[in-house]
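Report on the structure given below.
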Amino acid sequence: MPETVRFSDHAEDYLCAARRLADQARLSLDVPPTVGDVVTELRAFAVAQHGMGSWPAVGEVEDSVLISSACGDRDLTEEGLQLARDLVKKWPKHRLPLDWVGEEVWITSLSKKADNAEDLSAIVESQVRAHRLTKVRQT
């Protein structure tokens with residue numbers, strides 16, 4: 001839920017607001033998350049969306065697979081592809097994106113993207129440059 005801290009009250013209110021944010025965060029705000037932590041949360045979100053009958057979390061499922069692959073974790077990538085196969089069979093067709101091309105086409109495309117480490121590395125590098133993150137330590 002959005003929360004506003006007025007500039008004039010910032011000194012008094014920002015610590016409480018920061019604490020409330022930390023309490024709501026699924027990942028620690030004190031310790032940098034691992035790739036596995038991020039991927040686990042993306043998957044948990046996708047599963048939760050399905051459980052609530054909400055729109056399918058197609059992007060989160062894709063991200064969980066491609067992040068794992070970009071980091072060279074083949075086991076995590078395969079787990080993500082299996083989750084994609086499992087979820088796509090359960091997603092309500094009327095809630096899928098308008099440009100949805102079909103289950104098999106999506107899985108095949110996602111698998112091909114995950115197998116292309118060179119393209120994934122190029123995407124990561126371009127995003128690092130675009131967001132000026134070159135000084136951030138990579139783990």
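Quick notes on this structure:
- Thr34, Thr134, Thr77, ranked by accessible area, largest first (probe 1.4 Å): Thr134, Thr34, Thr77
- The charge dipole of the stretch 1-48, taken about the Cα centre with unit charges on the Cβ atoms of Lys, Arg (+1) and Asp, Glu (-1), comes to about 180 debye, rounded to the nearest 20.
- Computed E for Arg85/Asn116 - FRET, C-beta separation, R0 22 angstrom, nearest 0.05: 0.70
- Dividing the summed -39500 (n - 2.57) terms of all DSSP H runs of n ≥ 4 by the residue count of the chain sets its mean residue ellipticity at 222 nm at -21000 deg cm²/dmol.
- Each residue, Trp55 and Leu15, gets one label point 7 Å from its Cα in the Cβ direction; the gap between the two is 4.0 nm.
- Summed side-chain charge close to Gly59 - residues other than Gly59 whose Cβ falls under 15 Å, Lys, Arg +1, Asp, Glu -1: -2
- The stretch 27-57 versus the stretch 104-139: alpha-carbon centroid distance in Å: 19
- For the chain, the longest principal axis of the C-alpha atoms and the axis of helix 35-51 are separated by about 80°.
- Each listed q (0.09, 0.21, 0.22 Å⁻¹) maps to a log10 I(q)/I(0) for the chain from the Debye sum over equal C-alpha point scatterers, namely -0.38, -1.26, -1.31.
- Spacing of the two label points (7 Å from each Cα toward its C-beta) at Ser109 and Gln24, in nm: 3.3
- Lysine-lysine proximity count for the chain, Cα under 23 Å, sequence distance 8 or more or distinct chains: 4
- Karplus-derived HN-Hα couplings along the stretch 99-106 (A = 6.51, B = -1.76, C = 1.60, θ = phi - 60°), whole Hz, x at Gly and Pro: 8, 4, 9, x, 4, 5, 4, 5
- Accessible-area value, Ile107, 1.4 Å probe, nucleic acids and ligands omitted, Å²: 20
- Per residue, the Cα convex hull of the stretch 29-91 amounts to 75 Å³.
- Magnitude of the charge dipole, the chain, Cβ model with Lys/Arg +1 and Asp/Glu -1, debye to 20: 180
- Normalising the average separation of contacting C-alpha pairs (under 8 angstrom, six or more residues apart) by the number of residues puts the relative contact order of the stretch 1-128 at 19 percent.
The values are calculated or read from the model by the stated rules, or taken from the named source; none is laboratory data. What you see is a predicted model; the values in this text were computed from it and never measured. Glycine also receives a Cβ, built like all others from the backbone with ideal geometry; neighbour counts cover every protein chain displayed. Just the protein is used for accessible areas: all its heavy atoms, side chains included, with ligands, DNA and RNA removed. Shrake-Rupley method; radii C 1.70, N 1.55, O 1.52, S 1.80 Å.
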